Amino acid sequence: MRTLIKQATIVTMREEEPFVGDILIEGDTLAGIGSAIDEPADEVIRGEGMAAMPGLINAHQHTPMSLLRGFSDDLRLMEWLKTKMLPAEARMTPEDIYIGAKLGMAEMIKSGTTAFADMYIHMNEIALAVQETGMRASLARGLVFVEDDGGRRMKEALDLIERWTGKAEGRITTMLGPHSPYLCPPEPLAEVIALAEARNIPIHIHLAETVEEVVRIRERYNRTPTEYLVDTGMFDRAHVLLAHGVHLNMKDVRLLRGMRGGVAHNPVSNLKLGCGIAPVCALTGQGVTVGLGTDGAGSAASVDMFEQIKAASWLQKLDCGDPTKLPARQALRMATVESARLLNLDDRVGTLEIGKKADLILIDLRKPHLQPVHQVESLLAYSATGADVDTVIVNGKVLMRQRRLLTIDEEELLREAQKRAKRIVEGL
């Protein structure tokens with residue numbers, strides 16, 4: 001299958017400036033990018049008035065929480081978690097997880113996300129939804145070690161890795177998911193790290209999302225959460241995706257210098273829960289990779305990555321009192337190139353270049369809020385929304401065309417999600 005996109009404004013997220021040209025897709029791979037490509041194709045997509053860019057990559061998600069959107073807003077994180085999220089999640093069946101994940105994926109596709117990192121429970125159901133929808137994902141079974149479960153969670157984590165790594169035409173990769181420093185004591189965390197090192201599997205873990213976490217780890221171990229992880233040897237032995245990283249002091253930031261992986265910044269969720277502003281400029285100043293994530297829709301309300309791009313840039317400008325901080329291009333790179341690095345997929349996706357996987361989106365610029373076009377990267381970072389995405393392609397397959405989902409029955413999904421969500425939250 002050969003697909004040719006003609007005369008789009010191409011934003012490669014490499015060094016070159018955006019230009020008008022053609023993109024040739026052969027199978028699942030980008031086979032040509034240039035000002036004009038005269039090659040036969042099975043399908044030609046007209047790109048005039050469109051911007052073509054790499055698909056957005058959501059570096060931290062809990063997809064089934066789409067079913068819990070909007071029923072527990074305006075609470076502090078720990079109250080939100082204990083009184084709303086955990087009781088609701090305890091009611092969720094594997095079938096609920098599958099439908100919630102699929103709803104989250106429908107929202108992601110419709111807003112231009114082509115790949116994501118997920119940490120949750122019942123991961124087989126989430127993997128099945130990934131396989132069916134055509135998205136790309138890095139999946140981790142969340143691991144909590146505060147009570148003895150007879151090794152059940154670790155068994156499920158290993159089952160996910162063995163069953164799904166490399167499946168769905170190579171679109172599924174896996175990670176180990178110890179939840180956080182405060183839910184993972186040293187001994188079991190050391191076992192996870194040893195396993196990650198032995199099998200060359202990345203780690204996905206929450207870090208320093210709240211002040212309460214910092215206080216708890218200080219009381220328990222007389223360290224910051226970052227120092228706690230450093231002392232386990234995690235950063236010496238594994239590629240690590242750190243979710244949040246809000247409450248890091250400068251010593252913490254310096255300790256992360258040189259790590260494989262980096263930090264997934266979740267600005268909207270952190271704002272909505274009142275958690276704080278992650279020190280993105282300090283982290284990047286030390287050479288730490290910072291990508292973007294949404295967190296789950298239960299906290300963030302939306303998984304539109306264009307919201308995260310805006311929020312990330314504007315927060316750093318405000319926090320530093322400097323409008324030059326985190327400019328448009330860097331914010332877009334966080335949602336593409338840098339997030340790809342966090343997922344350990346930057347050799348496959350994150351930029352538009354020949355030989356990489358054909359994961360890209362077309363954004364319709366022919367709208368009042370996207371005209372005139374002076375600097376297309378500024379428009380994409382500061383003016384575009386997920387609703388402006390016209391076409392989504394993953395692994396060379398069109399998942400959405402002219403805003404119509406092709407791998408999901410959207411009407412049936414919405415009916416099923418509404419029914420299940422109502423049952424899950426009733427009385428909570």
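The values are calculated or read from the model by the stated rules, or taken from the named source; none is laboratory data. In this text the structure is predicted, and so the values were computed from the model without any measurement. Methodologically, a virtual Cβ is constructed for each residue, glycine included, from the backbone with ideal geometry; neighbour enumeration extends over all protein chains shown. We work out accessible area using only protein heavy atoms, side chains counted, and drop any ligands, DNA or RNA first. Shrake-Rupley method; radii C 1.70, N 1.55, O 1.52, S 1.80 Å.
Figures for the structure shown
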{"read-out": "Peptides 366-374, 179-187 ordered by average Cβ neighbours within 10 Å, highest first", "value": "179-187, 366-374"}
{"read-out": "Listed peptides 65-72, 390-397, 104-111 by packing density, highest first (mean Cβ within 10 Å)", "value": "104-111, 390-397, 65-72"}
{"read-out": "Cut-off 15 Å between beta-carbons: net charge of the residues surrounding Asp74, Lys and Arg +1, Asp and Glu -1", "value": "+2"}
{"read-out": "Listed residues Gly166, Thr391, Gln308: farthest to the positive end of the dipole of the chain (Cβ charges)", "value": "Gln308"}
{"read-out": "Segment 254-363 - charge dipole about Cα centre, Lys and Arg +1 at Cβ, Asp and Glu -1, debye rounded to 20", "value": "260 debye"}
{"read-out": "Largest to smallest accessible area among Lys251, Lys155, Lys102 [probe 1.4 Å]", "value": "Lys155, Lys251, Lys102"}
{"read-out": "Residues of type lysines that Lys84 reaches as a straight line, Cα spacing below 19 Å, ignoring anything fewer than 8 places off in the same chain", "value": "Lys272, Lys419, Lys422"}
{"read-out": "Anchor Lys367: lysines whose Cα lies under 18 Å away (excluding residues fewer than 8 positions away in-chain)", "value": "Lys110"}
{"read-out": "Sites matching GluC sites (Glu not before Pro) across segment 319-418 that sit in DSSP coil, with at most 14 neighbouring C-beta atoms within 10 Å", "value": "Glu353"}
{"read-out": "Sequence-distant lysines (8 or more away, or on other chains) whose Cα lies within less than 26 Å of Lys155", "value": "Lys82, Lys102, Lys167"}
{"read-out": "Assigned charges on the beta-carbon of Lys, Arg, Asp, Glu; segment 286-428 dipole about Cα centre (debye)", "value": "140 debye"}
{"read-out": "Burial order of peptide ranges 291-303, 224-236, 131-143 (average beta-carbon count within 10 Å, highest first)", "value": "291-303, 131-143, 224-236"}
{"read-out": "Cα gyration tensor category, rounded, prolate or oblate, for segment 72-115 with a/c compared to 1.5", "value": "oblate"}
{"read-out": "Qualifying GluC sites (Glu not before Pro) for segment 1-60 [loop in DSSP, other Cβ within 10 Å: at most 15]", "value": "Glu15, Glu16, Glu48"}
{"read-out": "MRE, 222 nm, helices only [DSSP H, n ≥ 4, -39500 (n - 2.57), over the chain, to nearest 500]", "value": "-10500 deg cm²/dmol"}
{"read-out": "Value of relative contact order over the chain, rounded to a whole percent, pairs C-alpha under 8 Å and six or more apart", "value": "21 percent"}
{"read-out": "Given charges at beta-carbon only (K, R positive; D, E negative), |dipole| of the chain in Debye", "value": "460 debye"}
{"read-out": "Proximal charge balance of Gln131 [Cβ under 13 Å; K/R count +1, D/E count -1]", "value": "+3"}
